[in-house]
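Undergrad: Here it is, the structure, as structure tokens.
The values are calculated or read from the model by the stated rules, or taken from the named source; none is laboratory data. Note that the structure is a prediction, hence the values are computed from the model and not measured. We place every Cβ from the backbone using ideal geometry, glycine too, and count neighbours over all the protein chains shown.
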Ligand code: SF4
């Protein structure tokens, strides 16, 4: 079975590092995404520089309109002037025209073609046009579908399921093949590790069966949150697939400084080499990732029910019983095996985020820690946030200009609440619903 392979990047003379090879037998690439406003060229260049120094092999930036397309051009020029040639990816939603413009600038364009146009036939026409521009400019495409953002046309046929995710991507890939365009990466992210792993496995099988070749996979658990939960969920979902040979580039989405995503990604890849046995880790973050890679995939697939952490150590000290239990609770929840805490869904933030997402998310976690079993989403923007919350019970979604909309499921129930009051209102909403449920 053929695994497709190609370069991402527009070659710059004298700088072979301006292109990275993805797919085939090439090493797995680690990537991340800026959370700066792309129009803020200074801040974006500074963040790209920090990511480059941390080892990012691909960097993505939000590109929501023509001003961001121009800013991306400047960012690229500034980075090249500093000797940084890391390929840049434009993240585009909802606007085929922006995708067409930025495909002439970026090394790769990430799109969800399903949201290109309200009418499917128009989206297909624009998609074929975009393929033409990518071919002309040597730009790679990523077809990036998320569980929460499947179109109604597909969910009506297949439900909101891994099967629907696979079918949606296959439709667009068939068009790529008809156009004889193969420089395409695919992703099927979900915040639920079970859904995410199933969707990628289905797509891998379907591509082999129908095309006789496999397009490179970009892996990630979306809206994974931060801290231990973000790292453990990501390590479980990503490593389950990498252990099966599925995956060519990874992004660990964390609601933190995105530079941290690089270290976490590298730790996941390094942990694939671990043999069974007690883990001797240099740091807590290294320990939780290595233990999640060692046991998470088997827990997720119900091949084991528990993990043995005896003899493990962190920074030369034996792992304490409380630390081991706390880790196991988070791991078992990440593997969808035992739910002992609230389930948090939080986007990593990007250039569309207009408030301090990380601090807000930490405060929401602190105030809702007693609500075991409730799924709470904290999302950076009203444009993509509501769609991407997937199956959250409640959502806290930033509107911009210091205001928030609260959701019950997919329904907005309190709009334009001042941010200072929003967490109180969220708690009142959840607790009043829980009281009603008990009646
Ligand atoms: S939901 Fe979060 S990561 Fe996605 S576009 Fe909005 S702010 Fe960016």
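Undergrad: State all residues of the range 362-387 that are over 14 Å from residue 409 (Cβ atoms) and within 11 Å of the ligand (Cβ to nearest atom); if no residue qualifies, say none.
TA: Residues of the range 362-387 over 14 Å from residue 409 (Cβ atoms): 362-373, 378, 380-384.
Once the filter is applied, which keeps residues that are over 14 Å from residue 409 (Cβ atoms) and within 11 Å of the ligand (Cβ to nearest atom), the range 362-387 yields 378, 380, 381, 382, 383, 384.
Undergrad: Determine which single condition residue 10 fails, assuming it passes every other condition in (1) under 22 Å from the mean Cα position of the chain (by Cα); (2) in a loop (DSSP other than H, G, I, E, B); (3) under 27 Å from residue 351 (Cβ atoms).
TA: Unmet for residue 10, out of (1) under 22 Å from the mean Cα position of the chain (by Cα); (2) in a loop (DSSP other than H, G, I, E, B); (3) under 27 Å from residue 351 (Cβ atoms): (1).
Undergrad: Sticking with this structure for a sec: Restricting attention to the range 46-54, does a residue exist that is modelled with pLDDT of 95 or more, in the same structural domain as residue 185 (by TED's automatic domain parsing), within 15 Å of the ligand (Cβ to nearest atom) and closer than 28 Å to residue 115 by Cα?
TA: So far as the range 46-54 goes, no, none of its residues is modelled with pLDDT of 95 or more, in the same structural domain as residue 185 (by TED's automatic domain parsing), within 15 Å of the ligand (Cβ to nearest atom) and closer than 28 Å to residue 115 by Cα.
Undergrad: Out of the residues in the range 343-359 that are buried (at least 22 other Cβ atoms within 10 Å of the Cβ) and more than 8 Å from the ligand (Cβ to nearest atom), which is nearest to residue 418 (Cα to Cα)?
TA: The selected residue is 346.
Table: residues versus (1) part of a helix (DSSP H, G or I); (2) touching a residue at least 12 places away in the same chain (Cβ under 8 Å).
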position: 325; (1), (2): yes, no
position: 336; (1), (2): no, yes
position: 350; (1), (2): no, yes
position: 355; (1), (2): no, yes
position: 365; (1), (2): yes, yes
position: 373; (1), (2): no, yes
position: 377; (1), (2): no, yes
position: 383; (1), (2): no, yes
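Undergrad: In the range 92-117, which residues are more than 15 Å from the ligand (Cβ to nearest atom), farther than 14 Å from residue 149 by Cβ and surrounded by fewer than 24 Cβ atoms within 10 Å (Cβ to Cβ)?
TA: 96, 97, 100, 101, 104, 105, 117
Undergrad: In this structure, does residue 334 turn out to be away from the ligand (no atom under 12 Å from the Cβ) and surrounded by fewer than 18 Cβ atoms within 10 Å (Cβ to Cβ)?
TA: No: the conditions fail for residue 334.
Undergrad: Given the structure, is residue 408 more than 17 Å from the chain's Cα centre (by Cα), surrounded by fewer than 17 Cβ atoms within 10 Å (Cβ to Cβ) and at pLDDT 95 or above?
TA: yes
Undergrad: Continuing with this model, one more query. Taking the range 234-250 as the search range and keeping residues that are part of a helix (DSSP H, G or I) and in contact with a strand residue (DSSP E or B) (Cβ under 6 Å, 6 or more places away or on another chain), which one is surrounded by the fewest Cβ atoms within 10 Å (Cβ to Cβ)?
TA: Step by step, filter the range 234-250, then rank; the result is 241.
Undergrad: Still on this model: Among (1) in a helix (DSSP H, G or I); (2) farther than 13 Å from residue 258 by Cβ, which single condition is residue 37 missing?
TA: (1)
Undergrad: Moving to a separate point now. Could you please find all residues in the range 114-145 being touching a helix residue (DSSP H, G or I) at 6+ places or on another chain (Cβ under 6 Å) and either under 18 Å from residue 207 (Cα atoms) or assigned by TED's automatic domain parsing to the domain that holds residue 347 (or both)?
TA: If the condition is that a residue be touching a helix residue (DSSP H, G or I) at 6+ places or on another chain (Cβ under 6 Å) and either under 18 Å from residue 207 (Cα atoms) or assigned by TED's automatic domain parsing to the domain that holds residue 347 (or both), then 141, 143, 145 are the ones that fit.
Undergrad: Okay, next question. Regarding residue 390, is this residue more than 16 Å from residue 355 (Cβ to Cβ), under 22 Å from the mean Cα position of the chain (by Cα) and either within 16 Å of the ligand (Cβ to nearest atom) or at pLDDT below 95 (or both)?
TA: Answer is yes for this residue.
Undergrad: Identify all residues within the range 155-167 that are touching a helix residue (DSSP H, G or I) at 6+ places or on another chain (Cβ under 6 Å) and over 16 Å from residue 388 (Cα atoms); write none if there are none.
TA: Those that are touching a helix residue (DSSP H, G or I) at 6+ places or on another chain (Cβ under 6 Å) and over 16 Å from residue 388 (Cα atoms): 158, 166, 167.
Undergrad: Can you name every one of the helices (runs of 4 or more DSSP H) wholly within the range 136-233 that holds 2 or more residues which are modelled with pLDDT of 95 or more?
TA: In the range 136-233, 162-178, 193-211 are the helices (runs of 4 or more DSSP H) which contain 2 or more residues that are modelled with pLDDT of 95 or more.
Undergrad: Further question on the same structure: In this structure, does residue 268 turn out to be in a helix (DSSP H, G or I), surrounded by 24 or more Cβ atoms within 10 Å (Cβ to Cβ) and under 14 Å from the mean Cα position of the chain (by Cα)? Outline the logic, then answer.
TA: On the way: in a helix (DSSP H, G or I): yes; surrounded by 24 or more Cβ atoms within 10 Å (Cβ to Cβ): yes; under 14 Å from the mean Cα position of the chain (by Cα): no.
Spelling it out, it is not the case that residue 268 is in a helix (DSSP H, G or I), surrounded by 24 or more Cβ atoms within 10 Å (Cβ to Cβ) and under 14 Å from the mean Cα position of the chain (by Cα).
Undergrad: Select from the range 411-428 the residues that are buried (at least 17 other Cβ atoms within 10 Å of the Cβ) and either farther than 21 Å from residue 353 by Cα or out of contact with any strand residue (DSSP E or B) (no Cβ under 7 Å at 6 or more places or on another chain) (or both) and list them in ascending order.
TA: 423 - this is the single residue of the range 411-428 that is buried (at least 17 other Cβ atoms within 10 Å of the Cβ) and either farther than 21 Å from residue 353 by Cα or out of contact with any strand residue (DSSP E or B) (no Cβ under 7 Å at 6 or more places or on another chain) (or both).
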